[in-house]
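Written out below as structure tokens is the structure these notes cover.
The values are calculated or read from the model by the stated rules, or taken from the named source; none is laboratory data. The structure displayed is predicted, hence computed values, not measured ones. Cβ coordinates were reconstructed from backbone atoms using ideal geometry, including for glycine residues, and neighbour counts include every protein chain displayed. The accessibility values were calculated without ligands, DNA or RNA, using every heavy atom of the protein model including side chains. Shrake-Rupley method; radii C 1.70, N 1.55, O 1.52, S 1.80 Å.
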Amino acid sequence: MAGGAIISTSGGKEYPGKITLFVFLACLVASSGGLVAGYDIGISGGVTSMDSFLRNFFPLVYRKEEEHTSTNQYCKFDSQLLTLFTSSLYLAALVASFLASTVTRELGRKWSMFGGGITVLVGAAFNGAAENVIMLILGRILLGVGVGFMGQSVPLYLSEMAPAKLRGMLNIGFQLMITIGILAANLINYGVVRIAGGWGWRISLSLVAVPAAIITIGSLLLPDTPNSLLERGHADAAKAMLSKIRGTDDVHDEYDDLVAACEVSKLIKHPWKNILERKYRPQLIMVVLIPFFQQLTGINVIMFYAPVLFKTIGFGDDASLMSAVITGLVNVFATFVSIATVDRAGRRALFLQGGTQMLICQIIVGTLIGIQFGTRGVATISKAYGSCIVFFICVYVAGFAWSWGPLGILVPSEIFPLEIRSAGQSINVSVNLFFTFVIGQSFLTLLCHLKFGLFYFFGGWVLIMTVFIGLFLPETKNVPIERMILVWKKHWFWGKFIADEDVLHVGNKSNVGGV
């Protein structure tokens, strides 16, 4: 079987599975880092569709947009400088994630969040006060550094604080905050576009300081995770914290597993080198391919450039922003579906269902646009026809929001053992951000050249990734994070990479049950 689930721990005794108020509040505060990432995703597409913003910073794009409607709609926003405004954030975040890995490991998860929040506050000031493109891009780079730090630390923090049976639900809180951040950005863009004088974009760009202040102040109040405390040599504090977050003193089995994992971790002096070892091959491949595939779902075509995309296919300024608000609402509410089902239905079921749904919608949207615009990119669409396109885009967004969106963050953050967890998460974040940059930088050019075929292009990748998940991703729901290696040992393909002696420190492999 390709999938498997572990439901028991050492000696057949389960870890404490309830969620305490302390853990809920800590995870809620940490998850707020997702507001920053989401707001950044949602705000850029909105401001780049505002005429006042384009006139000030990208006059060539503005003039092209104002040309007669006979202009090829696919190509009128094609500008590498314009896309650099959006994608420079993700290139900066990629570089920062490597530094964040060291900070997260040596100082703890909370201080990585704090550093990211401070950097975002400075970037927000630059963007809000920008007088030229250089200030804009510098501000985006500073925002990117903050996003890199939070993308590295927040998912690890959530996975380590959560009880095994509720890890999926609490970890997806980060993705939920991302979707709320996107929706907030869309609503703000829709509101400020009407401000007389055309300076509303300054409000849009500077308000990222609000979620940044929340995570900056909140991180100072957060406790360290037991895993991080042990990793840094604070054994007594780790045990006390484990008892506090589980709401019971009966944490001996879980603590013993954490200690065993920490002892293995201490033997690893060069995690970036050790992560290449054969026994970590399954996790390494997953942590590269899952974020790679996540970006090739095409979701950032929608989230980065939704207003631009809707404007391209015939919506007016206000209508394009409102359509982006609608997709943002769908994104938020569909994420709750994932929160409610991920620890019951499991990761694999959501991946497979969501992938199928996205594939169908991409084929339909590509066909609808192709029928109307053809390859010349010249057409005027009716309100009903445009609404039909928006509907299927919303169904596509829903499929992503309860599958590849949250699970693309959850699964990579929960599969690595402690000794290489920070390095593994850094690779995950870096791959994700690199391809976010690539897609963000190339989308408008791809749209110009591939036209409606761009949706078929992404649909082909969704087919590939769905088959990959069906064959190679084992089920990880309800598995204690320090015993995750047993899942890979049991898998029909990955088991050949893991020797029996590699799992001795976590107990008898017969504790793994197939489903």
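Key figures for this structure:
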| read-out | value |
| --- | --- |
| Entries of K18/K279; K165/K273; K110/K490; K273/K490; K451/K477; K18/K489 with Cα pairs more than 30 Å apart | K18/K279; K165/K273; K110/K490; K451/K477 |
| Cβ-Cβ FRET estimate between E277 and I360, R0 fixed at 35 Å, reported to 0.05 | 0.30 |
| Matching label, mean projected area of the Cα convex hull in nm² computed from the structure shown, candidates (1) 36.9; (2) 21.6; (3) 30.6 | (2) |
| Net lengthening on full extension, A349/D51 (0.36 nm per residue, minus Cα-Cα) | 102.9 nm |
| The chain, accessible surface, carbon-and-sulfur percent (1.4 angstrom probe) | 69 percent |
| Span from the region 336-377 Cα centroid across to the region 208-285 one, whole angstrom | 35 Å |
| Chain lengthening between T445 and L504 when straightened (0.36 nm per residue, less Cα-Cα) | 16.0 nm |
| K244 accessible area, assembled protein chains, probe 1.4 Å, Å² | 110 Å² |
| Near-label residues of region 162-190 by backbone N, under 14 Å of a point 7 Å along Cα→Cβ of V210 | 180-190 |
| Axial C-alpha extent at least 24 Å, average Kyte-Doolittle at least -0.5 - helices from the chain (DSSP) | 80-106, 109-128, 133-161, 167-192, 317-341, 347-373, 383-401, 421-450, 453-472 |
| Inter-site label distance for R63 and L99 at 7 Å from Cα along Cβ, in nm | 3.9 nm |
| Sequence of E263, E475, E277 when ordered by accessible area, the most exposed leading, probe 1.4 angstrom | E263, E277, E475 |
| Share of pairwise Cα separations in region 196-263, more than 19 Å, in percent | 53 percent |
| Accessible solvent surface per residue of the chain, calculated while the other protein chains remain in place, 1.4 angstrom probe, Å² | 35 Å² |
| Ellipticity estimate at 222 nm from DSSP helix runs (n ≥ 4, -39,500 (n - 2.57)) divided over the chain, nearest 500 | -23500 deg cm²/dmol |
